[in-house]
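Have a look at the structure below, then the notes.
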Amino acid sequence: MARPRKPLLSTDRIVETARALVDAEGLAAVSTRRLAAELGVSGPSLYNHFRTKDEILEAVADSISAQVDLSMFEDGRDWRTALHDWAVSYRAALSEHPNIVPVLAQGPGRRPAGLRVADAVFGAMVAAGWPPAQATSIGALMRYFVMGSALGSFAGGFVDDETAYDPSDYPHLGKAHLLAERRQQIDGRAFETGLRALLDGLAMQFEQLASATHQG
């Protein structure tokens, strides 16, 4: 029996193709017609796997959440170290696929991998001694911080033309044109600085909580 000329259509293949399209051209590039063309199939055949374009984008978003490491919440690391290591893994996954971040920012909804992330963070914080309400706030805070950092590059927002920043207009940006070529280093350092400051603040709150509990 002759082999099919094209790979059989599957949910995974649709998601992989849509993810590559989002990465290369952005969310607006995704349509059922475009995906069908990229996959070499007829448009209606996609509906055997997904009912709408939005469902496809949800699946793409969840495939990125599935790349986030959650082992730090299960291997005995203290809550601060676990949050730090998880945030680093989370940012790494999002930084590889920044165009899908607006979909992820809408929340996990019914996405399985996204819900596993939320469950792991919340469960670990409660187990560490944070009250549930504050554990929820910590999860939200970390998501805001990580997603914001993945939406764009601070250093990459400056052009590499030293004439673009006239010192008479911008007296403190004399070397701003050098930022773009070091964007990965600068953005990484900024993320780590912010993350440590955030965790320092949470650690202070945790100590205050423990002290109040002890006194009570």
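The values are calculated or read from the model by the stated rules, or taken from the named source; none is laboratory data. Because the structure is a prediction, the values reported are computed rather than measured. Cβ placement follows ideal geometry from the backbone for every residue including glycine, while neighbour counts extend to all protein chains displayed. Ligands, DNA and RNA are stripped out before the accessible areas are found, and what is left, the full protein with its side chains, is counted by its heavy atoms. Shrake-Rupley method; radii C 1.70, N 1.55, O 1.52, S 1.80 Å.
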Notebook entry, point to check: Per-residue ellipticity at 222 nm for the chain, helices alone: DSSP H runs ≥ 4 residues times -39500 (n - 2.57), over residue total, nearest 500 deg cm²/dmol?
Noted result: -19500 deg cm²/dmol
Next item on the list: Could you list which residues have their amide H under 5 Å from that of residue 154, counting only those 5 or more apart in sequence or on another chain, with H placed in the peptide plane?
Entry: none
Next item on the list: Enumerate the calculated ³J(HN,Hα) couplings along segment 163-174 in order (Karplus 6.51 cos²θ - 1.76 cosθ + 1.60, θ = phi - 60°), each rounded to whole Hz, writing x wherever the residue is Gly or Pro.
Entry: 7, 6, 10, 4, x, 6, 9, 10, x, 10, 10, x
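With contacts defined as alpha carbon pairs under 8 Å and 6 or more residues apart, what's the relative contact order of segment 69-214 in percent?
Across segment 69-214, relative contact order equals 22 percent.
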Notebook entry, point to check: How much of the accessible area of segment 1-77, in percent, comes from carbon and sulfur atoms when a 1.4 Å probe is used?
Noted result: 49
Next item on the list: Taking trypsin sites (Lys or Arg not before Pro) as candidate sites, keep only those in a DSSP loop with at most 15 other Cβ atoms within 10 Å, then name the longest stretch of the chain containing none of them.
Entry: 111-174
Checklist line | Global geometry of the chain, whether rounded, prolate or oblate, following the gyration tensor of its Cα atoms and the 1.5 cut on a/c | finding: oblate
Item checked: Per-residue ³J(HN,Hα) for segment 195-211, Karplus 6.51 cos²θ - 1.76 cosθ + 1.60, θ = phi - 60°, Hz, x for Gly and Pro -> 5, 5, 5, 4, 5, 4, x, 5, 4, 5, 5, 5, 5, 5, 5, 5, 5
Next item on the list: Would you mind checking the radius of gyration and Dmax of segment 105-188 based on alpha-carbon positions, in Å?
Entry: 19.5, 55
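Note down the magnitude of the dipole of segment 53-124 about its Cα centre, charges +1 on Lys and Arg C-beta and -1 on Asp and Glu C-beta and zero elsewhere, to the nearest 20 debye.
140
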